[in-house]
Amino acid sequence: MEDGAYFGEIPRFKDVWANTKTLETCRTELKEVLEDWLLLRIRGKEKIPGLNIKVDRRNLVKHA
């Protein structure tokens, strides 16, 4: 960027981006943002572009 900062994004994943002072911190922050984004989508049972997550529903049943 013009101010010397680094900007990174993952285009297939809307709103996953990072903007920091160094390239390495940008990579680290981008990984963290992606992880949080994925966890929120999974918790909200939302679709994740390009990923197909299968759940073994037998493990979700509580046994008395």
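Some points to look at:
- Taking a sphere under 14 Å around the Cβ of Val33 and counting the other residues whose Cβ falls inside, with K and R at +1 and D and E at -1, yields a net charge of -1.
- Here's the picture: charge each Lys and Arg Cβ at +1 and each Asp and Glu Cβ at -1 in the chain, and of Thr22, Gly4, Gly50 the one pushed furthest to the positive end of that dipole is Gly50.
- Angle between the chain longest axis and helix 23-43 axis [Cα atoms, degrees, rounded to 10]: 30 degrees
- Evaluating 6.51 cos²θ - 1.76 cosθ + 1.60 at θ = phi - 60° for every residue in the stretch 2-11, the Karplus couplings come out as 4, 8, x, 6, 10, 10, x, 8, 10, x Hz, glycine and proline recorded as x.
- Here's how it looks for Val16: its modeled amide H is under 5 Å from those of Ile10, which are all 5 or more places away or on a different chain.
- Neighbours of Asn19, meaning other residues whose beta-carbon lies under 11 angstrom from its beta-carbon, give a summed charge of -2 when Lys and Arg score +1 and Asp and Glu score -1.
- The GluC sites (Glu not before Pro) of the stretch 1-48 meeting both criteria, a DSSP state outside H, G, I, E and B (loop) and at most 16 other C-beta atoms within 10 angstrom of the site's C-beta, are Glu2, Glu46.
- Calculated [222 nm] ellipticity per residue, helices only, for the chain: -11500 deg cm²/dmol; basis is -39500 (n - 2.57) per DSSP H run with n ≥ 4, divided by all residues, nearest 500.
- Taking the inverse of the mean 1/r over every pair of distinct Cα atoms in the chain gives a Kirkwood hydrodynamic radius of 13.9 Å.
- Of all lysines in the structure, the ones whose alpha carbon falls short of 30 Å from that of Lys47, not counting any fewer than 8 places away in one chain, are Lys14, Lys31, Lys62.
- Difference of contour (0.36 nm per residue) and Cα-Cα distance, Asn52 to Thr20: 8.4 nm
Since every read-out is calculated from the coordinates, none of them should be taken as a lab result. Keep in mind that what you see is a predicted model, and the values were worked out from it rather than measured. Positions of Cβ are backbone-derived with ideal geometry, glycine not excepted, and every protein chain shown enters the neighbour counts.
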